[in-house]
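Structure, as structure tokens:
The values are calculated or read from the model by the stated rules, or taken from the named source; none is laboratory data. Every value quoted in this text rests on a predicted model; they were computed, and no experiment measured them. Cβ placement follows ideal geometry from the backbone for every residue including glycine, while neighbour counts extend to all protein chains displayed. The area values use the complete protein model at the heavy-atom level, side chains included, leaving out ligands, DNA and RNA. Shrake-Rupley method; radii C 1.70, N 1.55, O 1.52, S 1.80 Å.
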Amino acid sequence: MRVLVTGAKGMLGSALLPSLLPEHQAVGVDLTDFDIGEGAAVQKAFLELRPDFVAHLAAYTDVDGSEANPQRAEAINAVGTWNVAGACADIGAAMLYVSTDYVFDGRQERAYREDDCPHPVSVYGRTKLRGEQHVQSLVARHFIVRTSWLYGPQGKNFVATILKLAREREELRVVSDQRGSPTYTRHLALKLAQLLWTEAYGIYHVTGTGECSWFEFAQAIVRSGGYERVRVAPIASHDSGRLATRPVNSVLENRRLLQINLGTLPHWTEGLAQYIEEGRRSGEFAILEPDHPEGSLKSEVTGL
Ligand SMILES: NC(=O)c1ccc[n+]([C@@H]2O[C@H](COP(=O)([O-])OP(=O)(O)OC[C@H]3O[C@@H](n4cnc5c(N)ncnc54)[C@H](OP(=O)(O)O)[C@@H]3O)[C@@H](O)[C@H]2O)c1
């Protein structure tokens, strides 16, 4: 199958492309090729490339930036997805759209199921939800995959940030009243590649197994990186100084994956161990080499 991946140079895109090979003829495009906000450019590219399947990952993923610049979030996440979905419909391609836990408000006690009613509390969440709605209205053969708390190579992510700060600071203050499921991009990419074969279209929740708070996630990262001297202190969301409201409960039940016997992703702690090991080998993280052991700086960190 000819598969086109948008956002191919991003954190998830760079994990997805290799996982599609050699079974598929996979091509990646990114902002350097065309802007998904420009309908004519999207249409032209799709007519030339003629994919059978489009994995649409390109997005404006800056959650706080979306509050400050809602027009940009709308132009890329909602209008951009409208353009991609419309171009898929024109050439008869099936489509996978990667969406987010931030389409929910997080007030529910239990984990969110695929058929729970979305109610986003941020600009980013609202624009991603509009993207979902455009895909549903324009492309009959579609997958919508909601995932959460991504980390992996080639991306600005929470794990890399915590490891960097752990080298420089003696205390990190991290939000403890938001819970979710960290998801390793390589694990997610493999599942997306499997899902693509099934033709069991619809909405899926696909996240790492297990759940934690950002605070617990940071504690695990600091431990795995070997920074026992670094103290991780819990703080409340309202003390984090972030612009966007984030769901308190972001945990997604991966119900439909089990229903179609595709199995869930490994536990997030396994993903973390794998990512840190790979980073150590590739030199991406200078782990176990704290360069400011006596530093007295503090840092406040939240997730995505
Ligand atoms: N990261 C998470 O924790 C998370 C959680 C849930 C869902 N998701 C979703 O998962 C998908 C992949 O996320 P990610 O973390 O891999 O994102 P990412 O690293 O920010 O990658 C997004 C890619 O899209 C490109 N892009 C941005 N605007 C574009 C435009 N107007 N036209 C064409 N390309 C454009 C970016 O290029 P530039 O870098 O040049 O701007 C980047 O390469 C997104 O749809 C996101 O909403 C992410």
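Observations on the structure shown:
- Exposed loop sites here are GluC sites (Glu not before Pro) assigned a DSSP state other than H, G, I, E or B and surrounded by at most 12 other beta carbons within 10 Å; excluding them, the longest clear run of the chain is 110-198.
- Probe 1.4 Å - accessible area at residue 115, Å² to nearest ten: 130 Å²
- Amide H partners (placed H, <5 Å) of residue 235, local residues excluded: 174, 175, 176
- Largest GNM mean-square fluctuation among 72, 186, 146, using the chain with Cα springs under 10 Å: 72.
- Residues with amide H under 5 Å from that of residue 113, placed H, sequence gap 5 or more: 253
- Note, ³J(HN,Hα) from phi for the range 99-111, Karplus 6.51, -1.76, 1.60, rounded to Hz, x at Gly and Pro: 10, 9, 4, 6, 7, 9, 7, x, 8, 6, 6, 8, 5
- The charge dipole of the chain, taken about its Cα centre with unit charges on the Cβ of Lys, Arg, Asp and Glu (plus for the first two, minus for the last two), comes to roughly 220 debye.
- Of the three principal axes defined by the Cα atoms of the chain, the extents in descending order read 60, 39, 38 Å.
- Taking amide H as placed 1.01 Å from N in the peptide plane, the amide H of residue 96 sits under 5 Å from that of 54, 55, 56, 143, each at least 5 places away or on another chain.
- Karplus 3J(HN,Hα) series, Hz, for the range 177-183 with 6.51 cos²θ - 1.76 cosθ + 1.60 (x for Gly, Pro): 10, 10, 10, x, 10, x, 10
- Inter-part distance where the range 90-122 and the range 236-280 are each reduced to a Cα centre, Å: 14 Å
- For the range 252-257, 3J(HN,Hα) computed residue by residue from phi via the Karplus equation (6.51, -1.76, 1.60; θ = phi - 60°) reads 10, 6, 8, 5, 5, 4 Hz, glycine and proline entered as x.
- The chain: calculated mean residue ellipticity at 222 nm from DSSP helix runs of at least 4, using -39500 (n - 2.57): -11500 deg cm²/dmol
- The lysines within cross-link reach of residue 44, meaning a Cα-to-Cα straight distance under 26 Å and a gap of 8 or more places when in the same chain, are 9, 128.
- Rounded to 5, percent antiparallel among DSSP beta bridges of the chain: 5 percent
- Span from the the range 129-204 Cα centroid across to the the range 1-76 one, whole angstrom: 15 Å
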